[in-house]
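Written below as structure tokens is the structure these notes are about.
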Amino acid sequence: SPIAIVIHGGAGTINRANMSEEREQQYRAKLEQAIKAGHALLAQGASSLDATIAAIQVMEESELFNAGKGAVYTYEGAHELDASIMWGKNRQAGAVAGVKTIKSPIALARAVMEKSDHVMLSGRGAETFAESLGFEKVPNTYFDSDARFEQLQKAKETLKLDKTAQSDPLLLDYKFG
Amino acid sequence: TVGAVALDKNGNLAAATSTGGMTAKRWGRIGDSPVIGAGTFADNQSCAVSATGHGEYFIRYNVAADICARVAYQKVTAAQAADEVIHNVLKPVGGTGGVIVMDNKGNISQPFNTQGMYRASIDTQGKLSVGIY
């Protein structure tokens, strides 16, 4: 079979017209690094599961994207991370929701798929499951970034003005996750 | 949100998505990213999908699974199915965002209906593409 891979780095918060050339180059470089990480594994004969995780982990470790390090803040000023994975071969799937200290949520989602009887684990239970497998844990502050903190302050100001703003899809500057 | 979809040499598709969710979320809000069928779906018989956008819409419209179901049942291409869902199902009701999609031959499509999209791909010919839209 031929091999191929495609990735996305999210939607909505900064469009190209408002982006400095330096910032655009940072995004392009990180996207290229991520796609090449996944493709290199495919070229070596690794599975599509391995390839998707390798690509995503590059982005989880970058503050540029809303996943892992650089994730957006909750209203309370913390981070709650979600991830999922599905394999087309047999429609197995794994997902985690609302985890706070797992460095790579996508890796934990795969573990849920392969090492539990379940499809989705959430919150404290997901963290306990991760601990049982020896997953790397980090303090919640590991995911902090100045840009996302500033985004939170703006979002809170918007919510003060309009209590329904959180469900308004047109407020693109802070809505997307 | 970040996501990836791939086809390996054994012909197996996979889709994966990871996210911090939405800014200022409260009350344990969960979006579409961890919801299989909404933000992530893969089936070798049809296609694989990872989504990004307004999660509440992607959940209610079951976006990722809907795209693959259209491929399976309507016999349309993955690109046609994804275009239909993103532009003609989601957009009219205010659901903004996009998807990356791959069929079991490695054909890629990446429709979206709003700005600020970050994408990269390496196709079956080995051609690298990186784009910000």
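The values are calculated or read from the model by the stated rules, or taken from the named source; none is laboratory data. As the structure is a computational prediction, the values presented were derived from the model and not from experiment. Because the Cβ atoms are built from the backbone with ideal geometry, glycine has one as well, and the counts that use them run over all protein chains shown.
Just checking, which of A:45, A:10 is within 7 Å of chain B (Cβ to nearest Cβ) and either surrounded by 15 or more Cβ atoms within 10 Å (Cβ to Cβ) or closer than 17 Å to residue B:3 by Cβ (or both)?
The match here is A:10.
For residue A:16, the conditions (1) over 20 Å from residue B:34 (Cβ atoms); (2) at the interface with chain B (Cβ under 7 Å from one of its Cβ atoms); (3) modelled with pLDDT of 95 or more all hold with the exception of (3).
Within this structure, residue A:67 passes the test of being under 12 Å from the mean Cα position of the chain (by Cα) and either free of Cβ contacts under 8 Å to residues at least 60 places away in the same chain or buried (at least 23 other Cβ atoms within 10 Å of the Cβ) (or both). A Cβ distance below 6 Å, combined with a sequence gap of six or more or placement on separate chains, defines the contacts here; from the stretch A:81-92, residues that are part of a loop (DSSP other than H, G, I, E, B) reach residues that are surrounded by 18 or more Cβ atoms within 10 Å (Cβ to Cβ) and of a type in the set (A, V, I, L, M) in the pairs A:88/B:13; A:88/B:42; A:88/B:48. In this structure, residue B:82 does satisfy being touching a helix residue (DSSP H, G or I) at 6+ places or on another chain (Cβ under 6 Å) and not in a loop (DSSP other than H, G, I, E, B).
With respect to being within 19 Å of residue A:85 (Cβ to Cβ), out of contact with any Lys or Arg (no Cβ under 6 Å at 6 or more places or on another chain) and among the small types (Gly, Ala, Ser), residue B:51 fits the description. Checking the stated criteria, residue A:78 turns out to be under 28 Å from residue A:125 (Cβ atoms), surrounded by fewer than 18 Cβ atoms within 10 Å (Cβ to Cβ) and modelled with pLDDT of 95 or more.
Across the stretch A:120-154, the qualifying residues are those that are hydroxyl-bearing (Ser, Thr, Tyr) and in a helix (DSSP H, G or I), and the one among them that is surrounded by the fewest Cβ atoms within 10 Å (Cβ to Cβ) is A:141.
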